[in-house]
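Engineer: Shown below is the structure under consideration.
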Amino acid sequence: MSDDALPATTPGQLLERISAELARQADAVRSLHALTDGAETPEAVRLAQTIDTASQVLDEIAGLLGALAPPPGAAPDAPMRDPAPLAENVRLSELRRTLFDPGAEAAPDTDGDLDLF
């Protein structure tokens, strides 16, 4: 390793940092709505929906990773929390399927279907 090696980090700290970064990226994606302001074409509406979905997915993953991390002050070798109970907190059904049941068949992609929460 070089002299500028990174300091030691626990898995929990890393999960928290990744969670915080994903939350920042979700905010950045939401700022892209400025690209669609005032536009009412079908393409602009689809772009706005894509921006919404992308930011929601990033927020969901950020929250999940933050919840997986051991509580603050836990021993460095503390285990991660069990992800199974956390599945109910993932509100986007397709993301929940992807993360917790990857063998399940994907839901049909139907225009006009919204995952509201």
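The values are calculated or read from the model by the stated rules, or taken from the named source; none is laboratory data. All values derive from a computational prediction rather than experimental measurement. Here the Cβ positions follow ideal geometry from the backbone for every residue, glycine too, while neighbour counts run over all protein chains shown.
Engineer: I'd like to verify a number: residues in region 79-93 that are surrounded by 11 or more Cβ atoms within 10 Å (Cβ to Cβ) and farther than 17 Å from Thr10 by Cα, how many?
Structural biologist: 8
Engineer: Another one. So Ala23 clears everything in (1) touching a Ser or Thr at 6+ places or on another chain (Cβ under 6 Å); (2) of a type outside the set (D, E, K, R); (3) at pLDDT 90 or above; (4) crowded, with 16+ Cβ neighbours inside 10 Å except one condition, right? Which one?
Structural biologist: Condition not satisfied by Ala23: (1).
Engineer: Which of (1) of a type in the set (Ser, Thr, Tyr); (2) free of Cβ contacts under 8 Å to residues at least 24 places away in the same chain; (3) under 19 Å from Glu21 (Cβ atoms) is the odd one out, the single condition Thr41 does not satisfy?
Structural biologist: Going through (1) of a type in the set (Ser, Thr, Tyr); (2) free of Cβ contacts under 8 Å to residues at least 24 places away in the same chain; (3) under 19 Å from Glu21 (Cβ atoms) one by one, Thr41 breaks only (3).
Engineer: So, in region 37-75, how many residues would count as being modelled with pLDDT under 90 and assigned to a loop (DSSP other than H, G, I, E, B)?
Structural biologist: Residues in region 37-75 being modelled with pLDDT under 90 and assigned to a loop (DSSP other than H, G, I, E, B): 11 in total.
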